[in-house]
Structures are given as C-alpha cells and as structure tokens.
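A short write-up of the structure that comes next.
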Number of protein chains: 2
Amino acid sequence: MELQVLLRPIFFFFLLTSLQQSSSARILTISKPDRHDYAASARWLVSQNSWGVLSTLSVDHEGAPFGNVVSFSDGLPEKGNGIPYFYLTTLDPTARNALKDQRASLAISESPVGTCTRDPMNPTCSKLTLTGNLLILEEGSEEAEVARKALFTKHPEMIDWPEDHDFCFFKLEIIDIFLINWYGGAKPITVDEYLHAKS
Amino acid sequence: MELQVLLRPIFFFFLLTSLQQSSSARILTISKPDRHDYAASARWLVSQNSWGVLSTLSVDHEGAPFGNVVSFSDGLPEKGNGIPYFYLTTLDPTARNALKDQRASLAISESPVGTCTRDPMNPTCSKLTLTGNLLILEEGSEEAEVARKALFTKHPEMIDWPEDHDFCFFKLEIIDIFLINWYGGAKPITVDEYLHAKS
C-alpha cells in the first residue's frame, strides 16, 4: 500500500510526458471548427498546415502540371490572413514556372494535422485546393515584410537558408476555393467569405 | 536504493510504451535507403506514403494546374512496382480533367513518413514529383486487378466506397522523375532506373 502511494506521482509524470509528446506532433493551436462553417474550416486547414503541394505549369514539360512540396505560412500563429506565402528560389522549377505563367494551386490535407480518423481520401478527412496566381512580392514592400514575418516565424530555419540561392517571397492570389470537409462533394465557399472568416 | 530497484521495471515499461506509440504513427516497413541510391530512395518514398497530391489541368479553370489530395498505392506491402495506382470518380474534378487531358503529376513528401528532422522544404526532407499521364484502366483488365489489390490492401475502406459513385482504377504512366533527397538540387534518375530499382 505504501509502495502504491510512492509510485502514483511517477505514474502521472510518465502519463503527462506521453500526452505532451503526442500533442506536440500535431502543433494544434486552434481547435477544429464546426464542419458547417466552410470558410472557418478552410482557414483552419491553412493555419494548421506547415507544408503543401504547389502546382504550376511546367516550362520544362511543355505546360504539364507540376506539383512540388513546399513550406508555406499565412501569418503569425493565430493571426493568419488566409493568404499563403512562400519562400522560393528560381533554382527550383516552381518559381521559374510561375515567373513564366502565374497560374497555380496549393493543395493541403487534414492528414498531417493529426485529426483524421479515416483514410486521407475519405471526405471526413478535410482537403483544400486554393487556385489562383502565384505572384512574386516586390523586395522591401509592405507585403514582402508580412510574408517574411509569417514564414520566418513558422519556419525558423528559413532565416539561415543560403543567401546566394536568391530566395524571394511569393504569395498565392486566390481566385477559387475547392474544399471537401464532409460527404456531399465540394462545399460552396467564396474567396470573400474565406478571407473574412473569423479563425 | 531498494526503491530505485523497484522502480526500474516500471520506468522501462513506460519508455517502451512511448517508443511503440511513436513508431506506430510511421508505419515503416522498409528502412530508409542510402541517400546516394536515388532510384531506391524514390521507390521508398512511394512505398511508404499512402497519399499525395495529384495535379491535372483544370477543365473548370481553363487549363490552370489543379492539385488534389488523393490516396494511392503502388502494390502490396514490400512488393510495390513503383507505379502509383488511384481509385477515382468523375464526381471529382481530377478524374474529369484527366479524361480530357491526361497530363498529370503526383507529388509526395517524406514528412508524413515521420523520418524528417528538419523543415519539410529542407533538402534533407525528401520530396518526389512523378510527371506523366494519368490513364484510366480498362475494367476487368489484368492491370486493373493489380491496381485493385494494391489499393484495397493499403486502403481497406475503399472496398466499401459507394458503388453509385462509379469509382474507376487509374495509373500514372511515369515520364519524368524529380527527386530531392539531399542538398545539391534535383537528382539524376531515369524512369527505367526507378522502375527496376530493388526496394
């Protein structure tokens, strides 16, 4: 009986450690919104993901669609504006493609967030595609500064990426939103609703 | 001193439990290949990932690149052939786009595998884009059967997806491979090397 009392705090220490480990893998700062609130659901996916696939039209492959894994950020934690910002170099095809033809889309999944309980393609595991134009931000401009803060806060190692690689800030100007966050096909959501959603 | 001896097995029990939890999230069946073996590295990424972003040219948006989160499989566990198979419905834009223009690419990241220690865009966190043609497989054909086994084994809930959604099997016929698995830009790798790599 005395031993049980002695062991109790040790048990809770290990339990707490296990819980902290599993939650740290998710980086959840905001809880998942009501699935009927499409704009909030889309904004939540953008705020909670740190990477996605940015698709452009390939210069090297005569306009074929070229998806590329990239890191992004839409702002400071819990203060995102919904606009995905990127830090890209023309050493990589995606930036070169966008400077030739700015049409692009960013696709992200709920899967990396850690809240899906079914297959990544099951409609209850949310997915989002933002289609629009991938635009380079003028160096020193106000928006480039917003992008810099957004990216360097979420991706601190970017600060030390090689200067001679000529990384530049880009943003996706959103034209169309494709959201699946439940059964019944893509959800109706306008760019205006998305940009003005309360996160 | 006596208490320490008593606590030791309890400590190891919790340590073991924590390790099991973290490894179950990875679903690693094959260990990561030597990074100098580009073909094996690409095949490993395909075998270890269960979802990626499949990009096509959008019918709805005048040929803009449309990335879409999809589940895929290249075969039975540890017996994959490197060819990504998909189970798509024309209720979804990706299949409709591909039936109009078959050009497509599949992008995947090492990040979901759980073996990246740096930012998802750091070159040490591998990424792969397979560019080619997204082709529908003839119902009842030998290759449709390969696709069915590959997909239904890796994604068992697909078996019960609604029949009236008219899901069909597709494959990506690979034309070009873009692999980053270390510093120094995209790695040289041919489709032939990729398809004949020992996994």
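Taken together, the values in this text are just the output of simple stated rules run on the coordinates, not laboratory data. Keep in mind that what you see is a predicted model, and the values were worked out from it rather than measured. Cβ: placed from backbone, ideal geometry, glycine included. Neighbour counts: every protein chain shown.
Odds and ends about this structure:
- Gyration tensor verdict on region B:120-159 (Cα atoms; rounded if a/c is under 1.5, prolate if a/b is larger than b/c, oblate otherwise): oblate
- Simple Cβ-charge dipole of region A:160-199, Lys/Arg +1 and Asp/Glu -1, about Cα centre, in debye nearest 20: 480 debye
- Dipole magnitude for region B:56-144: computed about the Cα centre from +1 point charges on Lys and Arg Cβ and -1 point charges on Asp and Glu Cβ, it is near 320 debye.
- Between the listed residues A:GLN102, A:PRO84, A:VAL59, the Cα displaced farthest toward the positive end of the dipole of region A:31-195, a dipole computed from Cβ unit charges relative to the Cα centre, is found at A:PRO84.
- Remark: region B:105-199 carries a charge dipole of roughly 740 debye about the Cα centre, counting +1 on each Lys and Arg Cβ and -1 on each Asp and Glu Cβ.
- Between copies, the label points of A:THR115, set 7 Å from Cα on the Cα→Cβ line, lie 3.0 nm apart, reported in increasing order to one decimal in nanometres.
- Taking every residue in B:82-94 and counting other chain Cβ atoms within 10 Å of its Cβ, the average works out to 1.
- Residue-averaged beta-carbon neighbours from other chains (10 angstrom radius) around B:125-132: 4
- Projecting the Cα positions of A:TRP182, A:VAL146, A:PRO162 onto the charge dipole of region A:137-193 (unit charges on Cβ atoms of Lys, Arg, Asp and Glu, taken about the Cα centre) puts A:TRP182 furthest along the positive direction.
- Label-to-label distances for B:ASP166 across copies, nearest first, come out at 4.8 nm, using points 7 Å from Cα in the beta-carbon direction.
- GluC sites (Glu not before Pro) restricted to DSSP loop in region B:93-199 with at most 12 other C-beta within 10 Å: B:GLU138, B:GLU139
- For region A:31-195, the equivalent ellipsoid derived from the Cα gyration tensor has semi-axes of 26, 18, 14 Å, listed largest first.
- Within the shell of other residues whose beta carbon sits under 10 angstrom from the beta carbon of B:ALA64, the net charge comes to -3, with Lys and Arg scored +1 and Asp and Glu -1.
- When each of B:LYS32, A:LYS127 is scored by the number of other beta-carbon atoms lying within 10 Å, the sequence from fewest to most is B:LYS32, A:LYS127.
- Convex hull per residue volume in Å³, alpha carbons only, for region B:101-186: 133 Å³
- With the label put 7 angstrom out from Cα along the Cα-to-Cβ vector, A:ASP37 ends up 5.0 nm from the copy partners, going from closest to farthest.
- Counting only other chain Cβ atoms within 10 Å of each residue's Cβ, the peptide B:105-115 averages 4.
- Summing charges over neighbours of A:ASP101, with a neighbour being any other residue whose Cβ is under 13 Å away from its Cβ, gives 0 when K and R count +1 and D and E count -1.
- Lysines whose Cα lies under 21 Å from that of B:LYS32, excluding same-chain neighbours fewer than 8 positions away: B:LYS79, B:LYS127, B:LYS154, B:LYS187, B:LYS198
- Summed residue charge, Cβ within 12 Å of B:TYR85's Cβ, Lys/Arg positive, Asp/Glu negative: 0
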